[in-house]
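Q: Would you mind keeping the following structure in view while I ask a few things?
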Amino acid sequence: MNKRGGVLSDTALEIGASVLIVVIFITFLSFVVPKSSGEGFKAEVIARDLALEIKVLEGIKEEVDVHYTISKDINLKITSNFVKVDEVIILTESNLEADFEQEIKRNTNLLFSKRGNKLEVKVV
């Protein structure tokens, strides 16, 4: 219903509300989809798994060697404070001394060797 006072019609209000809902939905998807799928998700899974592996090795009192297979191409950095896979960083706050940084190719085996308080990581 148009009047001289500039009041919008019901159709214009419905179109405006529909456009607003679509914009909100697209914005929501831009935050949710990249985190739950794709390469970022795979990198986060590998980083969390390696952080848990280091935590377990820290709890073992004896010297131990563990083989770990990486299933995709990644840039890996392991320190005593964090594990970084591509751009994903997981804090470990481990007491083990570790210093490893290398680009890892798919289906590569890593060897984790714990000797005393030192954790060595090698590509085998």
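Q: Rounding to the nearest 20 debye, state how big the charge dipole of the chain is about its Cα centre with +1 on each Lys and Arg Cβ and -1 on each Asp and Glu Cβ.
A: 380
Q: Using amide H atoms built in the peptide plane, which far-off residues or other-chain residues are under 5 Å from ILE104 H to H?
A: ILE74, ASN75, LEU76
Q: Ok, one more. Let me make sure I get this right: for the stretch 66-124, a, b and c are the square roots of the gyration tensor eigenvalues over alpha carbons, sorted descending. Under 1.5 in a/c it's rounded, otherwise prolate if a/b > b/c, else oblate. Which is it?
A: oblate
Q: Over the Cα atoms of the chain, each weighted equally, I'd like the Debye log10 I(q)/I(0) at q = 0.15, 0.16 Å⁻¹, rounded to two decimals.
A: -0.73, -0.79
Q: If I stretch the segment between THR27 and ASN107 completely, what's the gain in nm (0.36 nm per residue apart, minus their alpha carbon distance), one decimal?
A: Result: 25.2 nm gained on full extension.
Q: With everything on Cα atoms, drop me the angle between helix 39-59 and the longest principal axis of the chain, reported from 0 to 90° to the nearest 10.
A: The angle comes out near 40 degrees.
Q: At 1.4 Å probe radius, can you tell me the per residue accessible area of the chain in Å²?
A: 70
Q: With every protein chain present, what accessible area does LYS105 have (1.4 Å probe, heavy atoms only), rounded to the nearest 10 Å²?
A: That residue has around 110 Å² of solvent-accessible surface.
Q: Sticking with this structure for a sec: Show me the ranking of peptides 54-67, 88-101 by mean Cβ neighbours inside 10 Å, starting with the highest.
A: 88-101, 54-67
Q: A further question follows. With runs of 4+ DSSP H residues as the only contributors, calculate the mean residue ellipticity of the chain at 222 nm using -39,500 (n - 2.57) per run, divided by the residue total and rounded to the nearest 500.
A: Rounded to the nearest 500, it is -13500 deg cm²/dmol.
Q: Ignoring ligands, DNA and RNA, what percent of the accessible area of the chain is carbon or sulfur (1.4 Å)?
A: Working: 4990 of 8630 Å².
About 58 percent, which is the carbon plus sulfur part of the accessible surface.
Q: So how exposed is ARG106, as accessible area in Å² (1.4 Å probe, rounded to 10)?
A: ARG106 exposes around 150 Å² with every protein chain in place.
Q: On a 0 to 90 degree scale, rounded to 10, what angle separates helix 10-36 from the longest Cα axis of the chain?
A: Here the helix axis deviates by roughly 0 degrees.
The values are calculated or read from the model by the stated rules, or taken from the named source; none is laboratory data. Worth saying up front: this structure is predicted, and the values here are computed from it rather than measured. Ideal geometry is used to build each Cβ from the backbone, glycine not excepted, and the neighbour counts take in all protein chains shown. Side chains included, ligands, DNA and RNA excluded: accessible areas come from the protein's heavy atoms. Shrake-Rupley method; radii C 1.70, N 1.55, O 1.52, S 1.80 Å.
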